[in-house]
1. Could you pull out the residue among 503, 542, 528 that is of a type in the set (S, T, N, Q) and over 32 Å from the mean Cα position of the chain (by Cα)?
2. Quick check on the stretch 28-58: of everything there that is farther than 28 Å from residue 219 by Cα and among the small types (Gly, Ala, Ser), which residue is modelled with the lowest pLDDT?
3. Can you name the condition, by its number, that residue 409 falls short on among (1) open to solvent by 10 Å² or more (accessible area, probe 1.4 Å); (2) more than 22 Å from residue 491 (Cα to Cα); (3) out of contact with any Leu (no Cβ under 8 Å at 6 or more places or on another chain)?
4. Looking at the stretch 467-481, is at least one residue among the polar types (S, T, N, Q) and surrounded by fewer than 13 Cβ atoms within 10 Å (Cβ to Cβ)?
5. Given the conditions (1) farther than 22 Å from residue 503 by Cα; (2) open to solvent by less than 30 Å² (accessible area, probe 1.4 Å), and given that residue 386 satisfies all but one, which numbered condition is not satisfied?
6. Please pick out the residue among 379, 340, 354, 344 that is assigned to a loop (DSSP other than H, G, I, E, B) and aliphatic (A, V, I, L, M).
7. Mind counting the residues in the stretch 497-536 that are hydrophobic (A, V, I, L, M, F, W, C), under 30 Å from residue 487 (Cα atoms) and out of contact with any Asp or Glu (no Cβ under 8 Å at 6 or more places or on another chain)?
8. Within the stretch 218-235, take every residue that is open to solvent by 60 Å² or more (accessible area, probe 1.4 Å) and on the phi < 0 side of the Ramachandran plot and give me the one that is modelled with the highest pLDDT.
Amino acid sequence: MTSNDEYVLQLLTERGFLMPEQVQAAAQSMKAENETTLDVLVKSGAIGEDEVLGTVADQFGLKYCHVNADAINADIVKEIPGDIAKKYGVVPVVADEDSITVALSDPMGYDAIDSLRYVLHGRDVEAVVSPRAEVQAAMAKLYASEASADVQTRDELGLGDDGEASGDDAPVIKLATMIITTAIKMKCSDIHLEPMEKEFRVRYRIDGALRKMDSPPKRLQQAIISRIKIMSKMKISEKRIPQDGRIQISVNGKDLDLRVSSVPTNHGESIVMRILDKSNLSLGLPQLGFLTDDQATFERLIKLPDGVVLVTGPTGSGKTTTLYACLGQINTPDKKLITVEDPVEYQMSGINQVQVNKDVGLDFSAALRSILRQAPNIVMIGEIRDAETADIAMEAALTGHLVFSTLHTNDAPSAVTRLLDIGVKPFLVASALRAAMAQRLVRAICEKCKEAYTPTEREIRMLGSISKTMPERMYHGAGCDKCGRSGYKGRKGIFEIFKVDDTIQRLIFDHAPATLLRQRAREMGMRTLREDGMLKVASGMTSLQEVLRVTMGDAD
């Protein structure tokens, strides 16, 4: 069965025209080699051709109508040569100076429409869907006097000797796959398919910045979205509510997972596919972008026997990658590591990973209670979202476990305030929290087109006190083929490590505001996100503009 047949059967089942058991019985009763499950269902009377074609046509935004050769003007027939009409199974029904409308029996015959536009020198071609027998009868009558397609036309259209295209090579399927594989080759983090009023916009996020790509034809919008929803096992007929799915794909021998999200908008469903590249698991702490002293500090923290270590920052700041790098560094045979995640993004060998499943009551807090009975040394919680999960994490830390987790806060000291705000007792936070690290991702200057320049006076002032130790030259990327003319290639982290000492413990116990916690941490030598970024500007890792872009909210 071709991908097109599977798509049509799923659509008909979801629309209520067929029952799953009917489809299964038809598949088992197939006899003829060239017969499909859909053919069997139509022949048996389980569903009519009108229902099949009408439903699929509606799904792709096409009209379904009957065609009669006697009602077609003879002058219109001259618009399309008979050899081309027969090759693609179309008959012209309406035409004017700018456009022509054809009837065809395959609602997914986009190759026919595209080829007709080419043959007709860019003339606009629209399509309606009609029963196969009616199209063939009209074609036989209207082109009865014409010879079959000649070799020149066949070569012009790029057809094979048999003139057939397999279902698996359907343009929509190829286009959807190409959008995904191109993004993977360009090392994108996510793909955005966005229906606009007059275009179907495709954007790739590369190194944290969205880049607009060539847009597919607006008329293919629904077909491409439906194809992506099939690949990610979503309900294609459900367009009113958000849906989540997952695609597993192999590109150049590399297995990748895509987390897919659909949201209904004014002009159609917006699709975002987040690409999960398992090669990120091989990243160690040095590859994340730490300066030497911060790396040494963080390595000491993640090797503590107990306590809570938090990584904070907004969505997309690299928190998960940092946590996995930590687990990879401390994952040794003498330690038991368990994670609770929603969802499990990467499979890691030697680690027990638990997937949250709210439908059966397995949320973060329930999973955390259960895994603590497994006597782990180290626990990683994907995110602390509520007081119950936070309380269990703190208590686990006080009973001899090392706990890693994430919070959505703008800076490191605010992690304390966040925990107190959701209801965790101050004495628990003060006793269990060992450190919180805030992070952001900045684009790294492309090494191929990296070049030095003399900073302006304004740039030197922006560097602040660091400018006293700055070299006379700074760096930026000139733009080249390797980096897509952006001047950047890859990303690195900038960090702010907030360690809890005795004084900070007392401040937490007294419910001190984040400003006081931050002041004490600065006295202890904590670098802010912006200061860490400026040091990386000085080292030539990134640009001043990048650091300013991601640290606009840095009070210091």
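1. After applying the criteria, what remains is 503.
2. 32
3. (2)
4. yes
5. The failed condition is (2).
6. Within the list 379, 340, 354, 344, the selection yields 344.
7. 2
8. Looking at residues that are open to solvent by 60 Å² or more (accessible area, probe 1.4 Å) and on the phi < 0 side of the Ramachandran plot, I get 218.
The values are calculated or read from the model by the stated rules, or taken from the named source; none is laboratory data. Note that the structure is predicted; figures quoted are calculated from it, not measured. Glycine also receives a Cβ, built like all others from the backbone with ideal geometry; neighbour counts cover every protein chain displayed. Ligands, DNA and RNA are stripped out before the accessible areas are found, and what is left, the full protein with its side chains, is counted by its heavy atoms. Shrake-Rupley method; radii C 1.70, N 1.55, O 1.52, S 1.80 Å.
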